[in-house]
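The values are calculated or read from the model by the stated rules, or taken from the named source; none is laboratory data. All values derive from a computational prediction rather than experimental measurement. When we count neighbours, we look across all protein chains shown, and the Cβ atoms used for this are built from the backbone with ideal geometry, even at glycine.
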Amino acid sequence: MEEMKSAFDRAMERADKMGKLSPEEMRQRQEAEYLPVGRAIAERYLNHGHEQLFKEEVDKHDGERRGIVVRAALTGLVAAVSLTGYERTEKALNGVLALIGDGRVDAVNSVIGGITGLLAEFSQELERKYGEEQERIEKSERELLHQLRISGSAIGSINMAASQAWGKVYREFSFTFEERLEGLKGELLQLLEQG
């Protein structure tokens, strides 16, 4: 026991010799502690979608800690915006609006309008592309099954979602939309970091 106490005493002496943390070290320590808090708050909000609870959780923090939590939450919300997760994307964008100050609302709303417009365009174009490709892919898949000597009542309808051909078409089709969305998300993050 005496050995443990003396080891503890030595550690305390070394800590005293090191002195206090510099302001930069304190800021880094606070960021390390509160960035995960902000991310967790954003993720809980995306799961439950209650803006009031979300704001209350953020408002439990004050001063510099609140700033860190808000930045982390906003970053998590913007990261959740995607072409296909419509409900989650809508929650994320509403969460962004719930956390920003009045001074940036117009600029942020402009970018969010661009994002929602892009999502609507993607949905419309995806439906059109699916209709164009469906017949061609089904015919190709049936020919392949016929070559494998599978035909007749053994073949039901072709599952386009599981089709490798559709997967390739989808990836190529969605690539430009993904790039445009990433650009808008980057623009949104820049606006959010300014204030």
So residue 107 ticks every box in (1) at pLDDT below 95; (2) not assigned by TED's automatic domain parsing to the domain that holds residue 194; (3) not acidic (Asp, Glu) but one. Which box is left unticked?
(2)
Would you check which residues across segment 82-118 are under 21 Å from residue 174 (Cα atoms) and part of a loop (DSSP other than H, G, I, E, B) and list them?
82, 83, 84, 85
For segment 63-81, give me the residue count where each residue is touching a residue at least 40 places away in the same chain (Cβ under 8 Å) and either assigned to a loop (DSSP other than H, G, I, E, B) or more than 12 Å from the chain's Cα centre (by Cα) (or both).
2
Go through (1) surrounded by fewer than 11 Cβ atoms within 10 Å (Cβ to Cβ); (2) among the charged types (D, E, K, R); (3) at pLDDT 90 or above and name the single condition residue 25 misses.
(3)
Residues of segment 85-104 being more than 15 Å from the chain's Cα centre (by Cα) and either touching a residue at least 12 places away in the same chain (Cβ under 8 Å) or surrounded by 12 or more Cβ atoms within 10 Å (Cβ to Cβ) (or both), in sequence order, are 97, 98, 99, 100, 101, 103, 104
